[in-house]
Amino acid sequence: MVAIGIEGMEREQRIRKRPRLTWDVAPSEPQVKRAQVVSNEGVNRRRHASPPRRDDDREGHYVFNLGENLTPRYKILSKIGEGTFGRVLECWDRQTREYVAIKVVRSIRKYRDAAMIEVDVLQHLAKNDKGNSHCVQIRNWFDYRNHICIVFEKLGPSLFDFLKRNKYCPFPVDLVREFGRQLLESVAYMHDLHLIHTDLKPENILLVSSEHIKLPGCKKLAMVQRLSSDETQFRCLPKSSAIKLIDFGSTAFDNQNHSSIVSTRHYRAPEVILGLGWSYPCDLWSVGCILIELCSGGALFQTHENLEHLAMMERVLGPLPEHMVRRADRGAEKYFRRGSRLNWPEGAVSRESIRAVNKLYCLKDLVSQHVVSSRSSLTDLLQGLLKYDPSERLTARQALSHPFFQNLT
Ligand SMILES: Nc1ncnc2c1ncn2[C@@H]1O[C@H](COP(=O)(O)OP(=O)(O)OP(=O)(O)O)[C@@H](O)[C@H]1O
């Protein structure tokens, strides 16, 4: 979830109008089971009771202990994630007898509002899903002690968790191809439904299963750590390549007013930085950045600042088109001199910044450093995804038909 995009009246009305889900209403008990239910009632009520009400912490997070119940239906087993929005807890669902991931949102108005929009999007995605959307499934939602709780199917680690665990050793290109295809399918599915994710990044792509195998060796890692051949490094690979997209907290409906800044920095498209307005193509730019990261192990544009970010883009992809620079908004004008030339390196804030930009290679060389087979088709795909002009960028469906994805079984 990044900055909350849609604000004001429109959102309030959408939230208030939302009907409660039928699955959120306590199911009626079948008559025949009534006697037995009554006799076990006292024991179950005590065992499944919610803990006494406690204050939230200073940030509005729900305070809990492991092993407690979050409503009588869900037992809290562990904490699996934390973000600005709240916490994600692994829970046991006593009703469906499955493990679930519950996002317990902070009890602060703006996060509650954003969570309700996420619920809206998740329900819209679920309604149209024929089983192959590669988007996480919502199981339920409810409002508990002023915390919106969204119940999801439980998934495995994110692609970022996996890279990190492997000390940023890249994935093999055949696995990147599998991830890329599924990611593009999920994006195409969302775009068909007039939804723009706006926060695609490896942290928001989860493996469906946590199962993995351990393999010896990652050449890159051994080189970086200057290991001798008998100090073999192990790396993990997922047993299954199945992935799903999560975090629809920043997703925008195409026909809504858009906030000007979207996406996590490293995956942010040039039209967003230049203030030109954005739409579906901003997701495809992010996909391009993600694919390079999965093949190389590190984020392509490791920066926290606009001018440096644009300089990095020019280093990898060549000069920004004049027609985009000319239309840059007031905030972005200052990054350019004499009309269209980037104020670089003159405008750099430090020598380190200039060095960081100079360390980057052009796209073709960057891919060649990390990929052997499919090198040229991957470069060509990335050139299509990382087109500066959003109107020239590949769409998700066009990208899926690219030759890079054709040698799949
Ligand atoms: N269905 C799920 N199964 C397993 N883990 C999950 C699931 N959903 C979320 N998580 C974990 O919880 C973390 C946070 O979830 P999510 O990205 O939806 O929240 P967020 O508001 O975007 O957080 P952030 O502030 O980091 O962007 C994820 O990175 C992931 O590790």
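Report note on the peptides 326-338, 305-317: ranked by the mean count of other C-beta atoms within 10 Å, highest first, their order is 305-317, 326-338.
For segment 294-372, the residue among His370, Leu294, Trp344 whose Cα projects farthest onto the positive side of the dipole built from Cβ charges is Trp344. When the pairs Lys75/Lys164; Lys127/Lys244; Lys110/Lys201 are compared against a 21 Å limit on Cα-Cα distance, Lys75/Lys164; Lys110/Lys201 fall above it. For the pair His323 and Asn255 in one chain, pulling the backbone fully straight at 0.36 nm per residue adds 21.9 nm over the alpha carbon distance.
When every Cα-Cα distance of segment 169-218 is counted in 10 angstrom steps from zero, the calculated P(r) takes the values 19, 47, 24, 8, 1 percent.
By other beta-carbon atoms within 10 Å, ranking Thr303, Thr96, Thr395 with the fewest at the front produces Thr96, Thr395, Thr303. Annotation: average projected area of segment 48-88 is 3.0 square nanometres, based on the convex hull of Cα atoms across all directions. Each Lys or Arg adds one and each Asp or Glu subtracts one; over the other residues with Cβ under 15 Å from the Cβ of Arg53, this totals -3.
Counted over segment 322-409 with a bin width of 5 Å, the fraction of Cα pairs per bin, in whole percents, is 2, 11, 15, 14, 17, 16, 12, 8, 3, 1, 0. Averaging Cα coordinates gives a centre for segment 289-363 and one for segment 109-168; these two points are 33 Å apart. Can you classify segment 83-223 as rounded, prolate or oblate using the Cα gyration tensor, where a ≥ b ≥ c are the square roots of its eigenvalues, rounded means a/c under 1.5, and otherwise it's prolate if a/b beats b/c and oblate if not? Taking the square roots of the gyration eigenvalues as a ≥ b ≥ c, segment 83-223 is prolate.
Residues with beta-carbon under 12 Å from that of Leu200, excluding Leu200: net charge, scoring Lys, Arg +1 and Asp, Glu -1? Before the final figure, lay out the partial values.
On the way: positive: Lys201, Arg268; negative: Asp199, Glu203, Asp247, Asp283, Glu293.
After counting each charged neighbour, the total is -3.
The fewest-to-most ranking of Ser259, Ser353, Ser286 by surrounding Cβ atoms within 10 Å reads Ser259, Ser353, Ser286. Taken along the Cα-to-beta-carbon direction at a fixed 7 Å, the label points for Leu66 and Asn146 span 2.8 nm. Once the Cβ-Cβ distance of Arg397 and Asp57 is raised to the sixth power relative to R0 = 56 Å, the FRET efficiency obtained is 0.80.
For segment 120-171, just say rounded, prolate or oblate: build the C-alpha gyration tensor, square-root its eigenvalues into a ≥ b ≥ c, call rounded for a/c under 1.5, and beyond that prolate if a/b exceeds b/c, oblate if not. Judged from the Cα gyration tensor, segment 120-171 comes out oblate (a/c at least 1.5, b/c at or above a/b).
A full extension of the chain between Glu333 and Arg47 corresponds to an added length of 96.7 nm, given 0.36 nm per residue minus the alpha carbon distance.
With N the number of residues in segment 45-158, Rg(Cα) / (2.2 N^0.38 Å) evaluates to 1.05.
Taking a ≥ b ≥ c as the square roots of the eigenvalues of the Cα gyration tensor, segment 242-352 is classed as oblate, since a/c reaches at least 1.5 and a/b does not exceed b/c. Candidates Tyr111, Leu195, His124 compared by Cα position along the dipole of segment 81-211: farthest toward the positive end lies Tyr111, with charges placed on Cβ.
Residues in segment 355-368 carry Karplus couplings, in order, of 4, 4, 5, 5, 5, 7, 10, 5, 3, 4, 5, 4, 5, 4 Hz; the curve used is 6.51 cos²θ - 1.76 cosθ + 1.60 with θ = phi - 60°, and Gly or Pro positions show x.
How would you rank Tyr361, Tyr280, Tyr144, going from fewest to most other Cβ atoms within 10 Å of each one's own Cβ?
Values: Tyr361 12, Tyr280 20, Tyr144 17.
The order, fewest Cβ neighbours first, is Tyr361, Tyr144, Tyr280.
Pulled fully out, how much extra length does the chain show between Gln406 and Asp129, if you take 0.36 nm times their separation in residues and subtract their Cα-Cα distance?
Details: separation 277, 0.36 × 277 = 99.72 nm, distance 2.45 nm.
Full extension from Gln406 to Asp129 adds 97.3 nm.
Other residues whose C-beta falls under 15 angstrom from the C-beta of Asp161 contribute a net charge of +2, scoring Lys and Arg +1 and Asp and Glu -1.
Read the figures in this text as sums done on the coordinates, not as results from a lab. Since we're looking at a predicted model, the values are computed, not measured. All Cβ positions, glycine included, derive from the backbone under ideal geometry; neighbour counts span all protein chains shown.
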